[in-house]
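K.L.:
Dropping the structure in here first, questions after.
The values are calculated or read from the model by the stated rules, or taken from the named source; none is laboratory data. Small disclaimer: the values here were computed from a predicted structure and weren't measured. Glycine gets a Cβ as well: all are built from the backbone with ideal geometry, and neighbour counts include every protein chain shown. The protein model used for the area step is the full one, side chains on, heavy atoms only, and it has no ligands, DNA or RNA in it. Shrake-Rupley method; radii C 1.70, N 1.55, O 1.52, S 1.80 Å.
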Amino acid sequence: QTGENPVSWDGAPESDGQIAMKMGYSNSISWSTLGTTLRRFGQLVSIYSDNQIRPRIYPGGQLGSEREMIQQAQQGAVQVTIPAANNLAPLAPTMNIFVLPYIVDSTDKMNNLQDELGPTVTDRVIDEAGVRIVGWENSGWREFFYNADEPISQPSDLSRFKMRVPQNPIMIATYEAWGANPTPVNWVQTYNALEQGVVQGGDSPIRDIVGAKFTEVVNRVTTLHYNMLIHPIVVSERWFQSLDDFQKKAVLRAGREATAYVRWWQPLREEQWWQQARDEGLMINAIEDESEWEQQAQKLWPEFVDSLGSDGQQLLDEAKRINAQYDQSH
Amino acid sequence: MNKILENLFLAISGTLLTLMVVVVFYGVVSRELGWSVAWTTELGQMLFLASVFTGAAYATLKKAHLQIGVLSGLVKGRFSQPLLEGGQQLVVILFSAAVAWFATANLMDGFRYPDISPTLGINRSYLYAIMAASFTVIAIHGLYRLGHIVVARGRIQ
Amino acid sequence: MNWLYMDFIVLLPLLLLLGVPIFVSLGIVGMLAAYLMNNPMVFATQGILNGLENFALLAIPSFILAGNIMEKGGITGDIIRIFRKLFGHIHGSLGIVTIFSCMFFAAISGSGPGTVAAIGAIMIPAMQRQGYPAPYAASVAATGGTLGVMIPPSNPLILYGVIANVSIADLFAAGVIPGVMISFLLAGMAYLMARRSGAVAKSGGDNDSRERQPLGCLLWEAKFSLFLPVLILGGIYLGFFTPVEASVCAVVYALVVSFAVYRQITLEGLIAAVESTVKLSGALMIIVACSTLFAKVIAIEQIPQQFIALFSGVTESPIVLLLIICAVLLVIGTFMETLSSIIILAPILVPLVESYGIDPVLFGILLVVTNEIAFLTPPLGVNLFVASQIADIGIGRLAIAVLPFLAVLVLALLILIFFPSLTLWLPTIIKA
Ligand code: NA
Ligand code: NA
């Protein structure tokens, strides 16, 4: 069964003096890899801390938006959350490294970058936002979803559409580099905007396209690999520092293992989303040759070095070095 | 003094509200003309937030805030009425002062951990300054009214 | 009973009943809860600020401003004149007109308070000027506004569809018949209550000579006023703007028509329109902000979930289950706002009702109807707040005036529970 993580910490005995670990996430319950990741993480923390830490989970944005939950983690009101990299970026500019278009072009390479660049990124993000990254979740590549008779195949095709883009300067600039018409529309309003034609499309992992019911209001999906939606598992640094060494180790180990788990699980689940999209009648095609997309988008990199936080160039160089090393060994 | 504060906050909140309308409308027009600008939603929302806090201060100054008060409607006595009103004002003062204080702490947090709005590059934490200012005014107004109640009581005796 | 429960169950009602401003009551209870939970206090102020982050809220002050400008600019008078010409001889005609205006407006607005703001800002002053009692005028507008979430588009239905994994298109289709049914029931009640309260439009009571002109003339004179709904509906359905943006476009259109066509509005009039908008929206939105903090501390304590858990597993019958759930939701709805309660409750309730073989589409509609009722029940009934501000009457009086309409909504809820096909027929037809 890949629909839900079957194991829970609910069975562990409750006792006085247990440390509370509130975990909040935004995405809706039924389709979320975020929930799966956090439940796995919570379960492992519960085990490895010898039941000294007791998780509690708050799904569906009950505690607020992703940005708000990050700030709650920073204050210590919430202990764990799992925001999208592009939503963590306004508080922790370092995360923009993962938003740069075509920073990687395969899932394996993304995993490698997370593993290798992870320690650097973690230190920087603690300083920038007061939260500690202990693990990673990949939600899948952002694919174009849209309404059209003809599929998108080259960047100039985009000029025909008003595309919904999240409010991230790098993503907006990427669309502009392709000659497109990016239109920031609030996520909640996107269904209506698509139905009424205020925008004709946008980009999201297939999970969110199906989960947010955009299948009802668009007819096509075109796959590409310019940006992968990823969510770091972040822990309140203030809370983390209040733990003893044994508990800290438990949290870090749980983060690593939850990452490994979701890397195995997510592709299995994603295949089901693709099947559902096909069943619901979406026309799906791939951009065979992405070189033109990649060239136009990568020209932006120098422009955005400054938005990667202090010493952005150094961070970018390190990412490039890690990617080059990966290419060599594969 | 009260009059000056009233007019000041009306002017600020009204201007923010008007700007909000202009900005969101500009967003619609620019999108339909094909030169989308990215910052209108974000700016519109910030203006909205700022206009609500200043507007709330204005509404309180004008005693236009909403209340239910089924019990308070029954209290009519010469002693109990001022006591009740005084109690209400105390709660208002307590809350508003707390909000003003902790919003200032949020503002300070915002300097340490900036929350940079994506398309405009503004530190969103500045909104806490507006929140703190508005609630300070609400607290001051509460003190002023409390003073009135006490003075009026004294005169009756 | 611990301190936290005392805070919620004793302190909140006490403060509200003693006449402490609503935003202060909710805010101080939320703040105290945060303290009792050992949360840093900056969490509370942050919660209040972020309560206003929802972009859809922006439509409320905009629609109120548009209504105020139309009022000052003479647009409203034109429209009312036509309504009076058409229906003036019927008891409570303006009440009925208000309900049906809300029904049509609901087709563009996804929010309840947004609908009260837009229609109420026009119709409440109009009714008052025609001699309708203020509690009647306000209660009709507050009630009509609930249709905003029932008739598509609907923000709560979108949220529910995503959480419950139900087709949003199906939900939208399912809302149409119940929405229209409720509109007619409410219009009927508006008629009855008008007779009781003596709210009858006096014919020619304000010596309006223009009203004696033939209908055609009135329609022609009012062409720019009548074009506003066309502009808004058309703009949304042709994809020029979203429902939230429509509110802002309405302001701009009202300004243009008032200044360029009617030339009635003065700078003082405009400032007065902005002043009353600032006052109203400031008083209202700060409650929304503080109620979000309150909803958050309630969510952290998982209080609604505990409430629901008390009642699950007590019956075998789907209908009894629905009756129990709806009753519980009505109680929860007194102190919780729509979107928060859907976010928190839908994930627990949907699996429960599905295990009883109840269609989640039907349940979504029932959930929205209970939320309609929640808009009208104090302490937290946002529609009441909007209407009481516009009509300038106390919430206590309004809460009583609105009771007959609440009864109608409860009746409608029962009808929908006992006749599920009313809800489920249209989506089935559309799919086939
Ligand atoms: Na609607
Ligand atoms: Na309510």
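Yes or no, residue by residue, for (1) crowded, with 24+ Cβ neighbours inside 10 Å; (2) more than 16 Å from ligand 2 (Cβ to nearest atom); (3) assigned to a loop (DSSP other than H, G, I, E, B):
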| position | (1), (2), (3) |
| --- | --- |
| C:S139 | yes, no, no |
| C:T143 | yes, no, no |
| C:G148 | yes, no, no |
| C:L157 | yes, yes, no |
| C:D170 | no, yes, no |
| C:G179 | yes, yes, no |
| C:F184 | no, yes, no |
| C:G188 | no, yes, no |
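K.L.:
List the residue pairs whose Cβ atoms are under 7 Å apart, where the first residue sits in region C:140-169 and is more than 10 Å from chain A (Cβ to nearest Cβ), the second is among the hydroxyl-bearing types (S, T, Y) and more than 14 Å from ligand 1 (Cβ to nearest atom), and the two are 6 or more positions apart or on different chains.
P.N.:
From region C:140-169, the pairs are C:V140/C:T98; C:A141/C:T98; C:G144/C:T98.
K.L.:
Being more than 18 Å from C:V256 (Cα to Cα), in a helix (DSSP H, G or I) and within 16 Å of ligand 2 (Cβ to nearest atom) narrows it down to one residue among C:P61, C:P113, C:P125; which is it? Write out each step before concluding.
P.N.:
Values: C:P61 fails: within 16 Å of ligand 2 (Cβ to nearest atom); C:P125 fails: within 16 Å of ligand 2 (Cβ to nearest atom).
After ruling out the rest, the residue left standing is C:P113.
K.L.:
So, one more: Looking only at region C:332-385, filter to residues that are within 16 Å of ligand 1 (Cβ to nearest atom) and of a type in the set (A, V, I, L, M, F, W, C); which one of those is surrounded by the most Cβ atoms within 10 Å (Cβ to Cβ)?
P.N.:
Here is the first cut: in region C:332-385, the ones within 16 Å of ligand 1 (Cβ to nearest atom) are C:338-339, C:342, C:364-365, C:367-369, C:371-372, C:375, C:382-383.
Subset that is of a type in the set (A, V, I, L, M, F, W, C): C:339, C:342, C:365, C:367-369, C:375, C:382.
On the way: C:L339: 21, C:I342: 26, C:I365: 27, C:L367: 26, C:V368: 24, C:V369: 27, C:F375: 29, C:V382: 26.
Taking the candidates together, the pick is C:F375.
K.L.:
Condition first: assigned to a helix (DSSP H, G or I) and either of a type in the set (K, R) or under 18 Å from the mean Cα position of the chain (by Cα) (or both). Now tell me which residues in region A:175-213 satisfy that.
P.N.:
Of all residues in region A:175-213, those assigned to a helix (DSSP H, G or I) come to A:175-177, A:187-196, A:206-211.
Residues satisfying the conditions are A:W187, A:V188, A:I206, A:R207, A:D208, A:I209, A:V210, A:G211.
K.L.:
Then there's this: Looking only at region C:12-38, count every residue that is without any contact (Cβ under 8 Å) to a residue 12 or more places away in the chain and either open to solvent by 40 Å² or more (accessible area, probe 1.4 Å) or over 21 Å from B:L49 (Cβ atoms) (or both) and tell me the total.
P.N.:
Matching residues across region C:12-38 total 7.
K.L.:
If you go through region A:23-42 one residue at a time, do you hit one that is touching a residue at least 40 places away in the same chain (Cβ under 8 Å), closer than 23 Å to C:I48 by Cβ and open to solvent by 20 Å² or more (accessible area, probe 1.4 Å)?
P.N.:
yes
K.L.:
Can you find a residue in region C:368-388 that is touching a residue at least 60 places away in the same chain (Cβ under 8 Å) and either within 14 Å of chain A (Cβ to nearest Cβ) or away from ligand 2 (no atom under 16 Å from the Cβ) (or both)?
P.N.:
No, that holds for no residue.
K.L.:
Only one of these conditions is not met by A:I206: (1) of a type in the set (A, V, I, L, M, F, W, C); (2) open to solvent by 20 Å² or more (accessible area, probe 1.4 Å); (3) more than 11 Å from every other protein chain (Cβ to nearest Cβ); (4) in contact with a strand residue (DSSP E or B) (Cβ under 8 Å, 6 or more places away or on another chain). Which number is it?
P.N.:
Every listed condition holds for A:I206 apart from (2).
K.L.:
State whether the residues of region A:49-62 include one that is open to solvent by 20 Å² or more (accessible area, probe 1.4 Å), part of a helix (DSSP H, G or I) and not hydrophobic (A, V, I, L, M, F, W, C).
P.N.:
Looking for residues that are open to solvent by 20 Å² or more (accessible area, probe 1.4 Å), part of a helix (DSSP H, G or I) and not hydrophobic (A, V, I, L, M, F, W, C), one finds none in region A:49-62, hence no.
K.L.:
Here's another thing I want to ask about it. Could you list, in sequence order, the residues of region C:332-359 that are within 10 Å of C:A374 (Cβ to Cβ), out of contact with any Pro (no Cβ under 9 Å at 6 or more places or on another chain) and modelled with pLDDT of 80 or more? Can you show your working first?
P.N.:
Step one: filter region C:332-359 for residues within 10 Å of C:A374 (Cβ to Cβ), giving C:332-338, C:341.
Add one more test, that the residue is out of contact with any Pro (no Cβ under 9 Å at 6 or more places or on another chain), and what stays is C:333, C:337.
Listed by number, the list holds a single entry, C:G333.
K.L.:
In region C:379-407, what residues are closer than 23 Å to C:I286 by Cβ and of a type in the set (A, V, I, L, M)?
P.N.:
C:L380, C:V382, C:L384, C:V386, C:A387, C:I390, C:A391, C:I393, C:I395, C:L398, C:A399, C:V402
K.L.:
Which one of C:V261, C:V256, C:V230 is under 30 Å from A:V198 (Cα atoms) and either at pLDDT 90 or above or within 14 Å of chain A (Cβ to nearest Cβ) (or both)?
P.N.:
Values: C:V261 fails: either at pLDDT 90 or above or within 14 Å of chain A (Cβ to nearest Cβ) (or both); C:V230 fails: either at pLDDT 90 or above or within 14 Å of chain A (Cβ to nearest Cβ) (or both).
Checking each option against the conditions leaves just C:V256.
K.L.:
Moving on. Would region C:53-69 turn up any residue that is within 17 Å of B:T104 (Cα to Cα) and within 14 Å of chain A (Cβ to nearest Cβ)? Don't jump to the end; show me each part of the working.
P.N.:
First, pick out the residues of region C:53-69 that are within 17 Å of B:T104 (Cα to Cα): none.
No - not one qualifying residue is present in region C:53-69.
K.L.:
In addition: The conditions are (1) more than 12 Å from every other protein chain (Cβ to nearest Cβ); (2) among the aliphatic types (A, V, I, L, M); (3) assigned to a helix (DSSP H, G or I); (4) away from ligand 1 (no atom under 16 Å from the Cβ), and C:I90 fails exactly one of them. Which is it?
P.N.:
Unmet condition: (3).
K.L.:
Can you tell me which of A:D105, A:D115 is more than 22 Å from A:Q62 (Cα to Cα), open to solvent by 20 Å² or more (accessible area, probe 1.4 Å) and in contact with a His (Cβ under 6 Å, 6 or more places away or on another chain)? Walk me through it before giving the result.
P.N.:
Values: A:D115 fails: in contact with a His (Cβ under 6 Å, 6 or more places away or on another chain).
Answer to the selection: A:D105.
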